[in-house]
Amino acid sequence: MSGAPVVEDEPESRPGGVPLYVWVIVAALIAIPIGWYWGEGAKALEIMPALIMRALTAIAAPLVVLAILHAIVSNEIHGRHGALMMVFYLINTLIAMVIGLGLTNLVKPGLGAALTEHGMPAAPLVRKSVTDLVVELIPRSIGEAFAQNNLAQLVVLTLALGIGLVKIRDAQKARGETSFQTVVDLLAIGFELLMKILLWVVALVPFAVFGIVAAQVGHKEGMQVFQSLIWLIVVVVAGLCCQVAWYLLQMAVFARMSPWRFLGGAGDVMANTFSTASTAATIPITLGALKRLGVSRRSSQLCACIGTNFNNDGTALYQATAALFMAQALGYSLSLTDQVLIVLTTLVASVGAGGIPSGSFVTMPLIFAAVRLPVDKIPILLTVDWFLDRCRTTSNVLGDMTVAVLLDRVAPPKETERAA
């Protein structure tokens, strides 16, 4: 079973042999004294994050489309078992985003971040009705959806193309033909090509962090943003803890498994995931842990392998929280409709981020575009993203394990399928 093609760890993801997050931390530490000394003049450094975000925004939409298309075409999720898996994933992801948005609305970590221009009130967001949003699901042209980074329109197009390709694939398989494999290969090559370019852009992220941090510190009240980021960490970690509590509740109520047994079996998985910040790298350990918990091979492989692409509860919680945090920091007021739109776009973006390095950061511009938030301040989130990335990835893997156990309880496999 496979999902989006996984690009091996490239030198671009470890510039100079040093992990990228280390460069991000160093860039932020260097930027603070420079911004403090230069003062308002440090605003000139904002050109660095502006250029990098433009490049990232340009590549995000086609990359997500190719990732989702390849995941749809290369995976065969059929029958009641596959349907139940997707339902469990959908429920868990929705609950994760509700938790994130609920805590962010309650704590309001973005207030006082001072990300707006001093003395300049935030421009009001253009309000759109539900009717407007429904009409905009259908683009005037394919090019318009990409040009405007309209994730909702891109999803409609991608799903239409994906379903069409699956129909063609199944029809050709029934006739014993294999020409559809050419399309699958082209999607994989296109995805890997864009991934290579993405790695080049992501390798420049420390410069974006340096520019935005120095410019922000140069403002008179610039250091306030770091106090707000601490509150963002608190909200995200608290939200992820609530999500884990939801997993344990599912174990106790629906799976009839002791939460302590589940956590004990997942101990090695959580430790490895937190250290590597990679769901894919943890798959062998996850499969071993599920085997020790008595989960069948069928459920283990289905959830641990395909779940890497389709299940990203922690990522969705973080992205929804970050979008609302940034709106608060910029002085924007998001209506209930806007927050529902965040939920819908984040749901899709979290799926598209499955096999992409720094996926939550890459797809963030698409979520911001959906609620008309500016993207130029996104790099400030990278100063804490290296830590939150490990936390949310650990939650993602626990979500995969939870669904695997639930599938075995709700749809027990045959004895021949249980053998590992």
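The values are calculated or read from the model by the stated rules, or taken from the named source; none is laboratory data. What you are looking at is a predicted structure, and each value in this text was computed from that prediction instead of being measured. Cβ sites come from the backbone with ideal geometry, for glycine too, and all protein chains shown count toward neighbours. The protein model used for the area step is the full one, side chains on, heavy atoms only, and it has no ligands, DNA or RNA in it. Shrake-Rupley method; radii C 1.70, N 1.55, O 1.52, S 1.80 Å.
Enter the accessible area per residue of the chain (Å², integer; probe 1.4 Å; all protein chains in place).
43 Å²
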Cα long-axis angle, helix 224-253 against the chain (0 to 90 degrees, to the nearest 10): 20 degrees
Share of the stretch 135-191's accessible area from carbon and sulfur, percent, 1.4 Å? 68 percent
Between the Cα axis of helix 151-174 and the main Cα principal axis of the chain, the angle (0 to 90°, nearest 10) is 20 degrees
Surface/4 estimate of mean projected area, convex hull on alpha-carbon atoms of the chain, nm²: 20.8 nm²
Just how far, in whole angstrom, is the stretch 155-232 from the stretch 318-345 if you go by their alpha carbon centroids? 20 Å
Can you divide the C-alpha Rg of the stretch 173-232 by 2.2 N^0.38 Å and report the result to two decimal places? 2.15
Size of electric dipole in the chain: Cβ of Lys, Arg +1 and of Asp, Glu -1, about Cα centre, debye, nearest 20: 920 debye
Using alpha-carbon coordinates, inclination of helix 283-292 to the longest axis of the chain, degrees: 50 degrees
